[in-house]
Amino acid sequence: MNAEIKRVKRELQCEGAITKYYKDTVILPDGKTEIYDFVGHNGAAAAVGVLPDGRLLMVRQYRNALDRFTLEIPAGGLNPDEPTIDAAARELEEETGYRCNRIEKLITIRTTVAFCNEKIDIYLATDLAKTEQHLDEDEFVNVEIHTVEELEKMIYDGLIEDAKTIASILAYKNKYTK
């Protein structure tokens with residue numbers, strides 16, 4: 001279907017620390033007007049940190065939207081004009097206390113395409129060196145180390161629900177392990 005849909009207006013409703021909420025007015029192919037919600041996001045980066053023995057660095061942290069702790073790969077928002085590769089390396093070290101000496105692109109995901117433009121570039125981080133965590137004031141992060149098999153089981157058991165983490169673990173498994 002190549003029908004044209006045209007956005008004719010975008011109105012800012014609310015601005016938060018990491019997102020902006022808009023009401024978009026669009027004209028549909030049949031000429032009707034519709035209002036869509038749109039959440040603008042500045043983007044993020046994440047890293048799959050792999051230790052020499054093949055285990056992955058994970059972080060357990062509180063997520064307000066779910067009102068509980070979740071197990072995830074290290075990730076965070078971008079600083080102004082920061083390349084995603086730099087942000088991924090920075091977040092890995094800040095959250096886990098490991099610096100990577102090698103980093104390469106793994107995948108890019110869009111987290112919620114129905115109403116949000118958030119884009120996360122995810123990198124594979126290897127040749128890790130232990131440093132120390134550098135957490136933000138509001139971060140309380142516990143580092144966990146798991147095998148790919150353990151993490152995959154947690155995904156299918158419903159213990160890991162975070163989209164970036166699921167996509168990253170399965171992409172890493174498919175591309176780098178056999």
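The values are calculated or read from the model by the stated rules, or taken from the named source; none is laboratory data. None of the values given here were measured: they were computed from a predicted structure. FYI the Cβ positions are ideal-geometry reconstructions off the backbone, even for glycines, and counts take in every protein chain you see.
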I'd like to know if the stretch 158-173 contains one or more residues that are in contact (Cβ under 8 Å) with a residue 12 or more places away in the chain, among the hydrophobic types (A, V, I, L, M, F, W, C), in a loop (DSSP other than H, G, I, E, B) and closer than 19 Å to Arg55 by Cβ. yes
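Looking at Asn79, Asn64, Asn42 in this structure, which one is under 24 Å from Thr165 (Cα atoms), surrounded by 12 or more Cβ atoms within 10 Å (Cβ to Cβ) and modelled with pLDDT under 95? So that I can check it myself, show each step before the final result.
Values: Asn79 fails: surrounded by 12 or more Cβ atoms within 10 Å (Cβ to Cβ); Asn64 fails: surrounded by 12 or more Cβ atoms within 10 Å (Cβ to Cβ).
So the residue among Asn79, Asn64, Asn42 that is under 24 Å from Thr165 (Cα atoms), surrounded by 12 or more Cβ atoms within 10 Å (Cβ to Cβ) and modelled with pLDDT under 95 is Asn42.
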Exactly one of Gly31, Gly43 is over 18 Å from Ile169 (Cα atoms) and under 18 Å from the mean Cα position of the chain (by Cα), and that residue is Gly43
Filter result (surrounded by 12 or more Cβ atoms within 10 Å (Cβ to Cβ), hydroxyl-bearing (Ser, Thr, Tyr) and either out of contact with any strand residue (DSSP E or B) (no Cβ under 6 Å at 6 or more places or on another chain) or not in a loop (DSSP other than H, G, I, E, B) (or both)) within the stretch 126-157: Thr126, Thr147
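Residue-wise test of (1) in the same structural domain as Leu170 (by TED's automatic domain parsing); (2) acidic (Asp, Glu); (3) out of contact with any Pro (no Cβ under 6 Å at 6 or more places or on another chain).
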| site | (1), (2), (3) |
| --- | --- |
| Cys14 | no, no, yes |
| Pro80 | yes, no, yes |
| Leu92 | yes, no, no |
| Gly97 | yes, no, yes |
| Lys105 | yes, no, yes |
